[in-house]
Amino acid sequence: MYEYMSGMLTKVNPKYVVLDNNGIGYQIFVPNPYNYHVNDYCTIWVYQAVREDSIDLYGFSTFEEKELFLKLISVTGIGPKTSLPIMAASSVDEIKEAIANGDVAYMQKFPGIGPKAAQQIILDLRGKIDFEASLFAKDDLDDCVEALIALGYSKKEVNKVIGKVDSSLAQNEIIKQALKLLSKL
């Protein structure tokens, strides 16, 4: 399995780019091909999808984008070709925020995502993605996470529940809500 590839871009197409790596041109499907430029040397984080009739590479400019893509394709009924337009039309933070807020309407705006698929994405990924960024007051949330870890919970357990708590509450209330959720794991 490939993690990333570095090389010279030799072609930019509306659906993919071609990355020359040691004389081999790899066709890599990317969310926004026009963010790349011919003759630029770059590193692309890749995912290799192997199917009965094809082997495709999907690429991302950051590791965080790749991680989100992998989470999206883990949802039942959502494959790489459906996830790519989601990644192209929004930033990682916007997608995470929509999932955290249960925003079905936002998820439905992407091609191939109807109401059931949008609900499935939210149901499967809510609480499974590290919702930091702009969703919460980072210092308050970090303090709560540290407090929960100090109480003996693993970071993985804490990350599962922290996205489900009401971040507008005071720190002690956030911790209480998280503890209730942790007790149900």
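The values are calculated or read from the model by the stated rules, or taken from the named source; none is laboratory data. Remember, predicted model here, so these are calculated numbers, not experimental data. Because the Cβ atoms are built from the backbone with ideal geometry, glycine has one as well, and the counts that use them run over all protein chains shown. These accessible areas exclude ligands, DNA and RNA; they are computed on the full protein's heavy atoms, side chains included. Shrake-Rupley method; radii C 1.70, N 1.55, O 1.52, S 1.80 Å.
List of remarks:
- Looking across region 1-17, the residues that are over 21 Å from Thr82 (Cα atoms) and crowded, with 18+ Cβ neighbours inside 10 Å come down to Met5, Gly7, Leu9.
- Pairs meeting the criteria (first residue in region 137-160 and closer than 20 Å to Leu185 by Cα, second residue open to solvent by 90 Å² or more (accessible area, probe 1.4 Å) and at pLDDT 80 or above, beta carbons under 8 Å, at least 6 apart or on different chains) are Val145/Lys155; Ile149/Lys155.
- The listed residue being touching a residue at least 12 places away in the same chain (Cβ under 8 Å), within 20 Å of Lys128 (Cα to Cα) and exposed (fewer than 15 other Cβ atoms within 10 Å of the Cβ), out of Leu181, Leu185: Leu185
- Any hit, region 55-67, residues being of a type outside the set (Gly, Ala, Ser), farther than 30 Å from Asp166 by Cα and in contact (Cβ under 8 Å) with a residue 40 or more places away in the chain: yes
- Selection status of Ser54, surrounded by fewer than 16 Cβ atoms within 10 Å (Cβ to Cβ) and touching a Leu at 6+ places or on another chain (Cβ under 9 Å): no
- Conditions (1) open to solvent by 70 Å² or more (accessible area, probe 1.4 Å); (2) at pLDDT 90 or above; (3) of a type in the set (A, V, I, L, M, F, W, C): number failed by Leu68: (1)
- Residue that is surrounded by the fewest Cβ atoms within 10 Å (Cβ to Cβ) [pool: residues in region 20-40 that are within 22 Å of the chain's Cα centre (by Cα) and among the hydrophobic types (A, V, I, L, M, F, W, C)]: Phe29
- Pairs, first within 12 Å of Phe69 (Cα to Cα) and among the hydrophobic types (A, V, I, L, M, F, W, C) in region 91-103, second part of a helix (DSSP H, G or I) and open to solvent by less than 20 Å² (accessible area, probe 1.4 Å), C-beta under 6 Å, six or more apart: Val92/Leu68
- Reported count of residues in region 130-154, each being at pLDDT 75 or above and either buried (at least 16 other Cβ atoms within 10 Å of the Cβ) or not in a helix (DSSP H, G or I) (or both), is 8.
- Taken together, the residues in region 104-128 that are open to solvent by less than 20 Å² (accessible area, probe 1.4 Å) and assigned to a helix (DSSP H, G or I) amount to 5.
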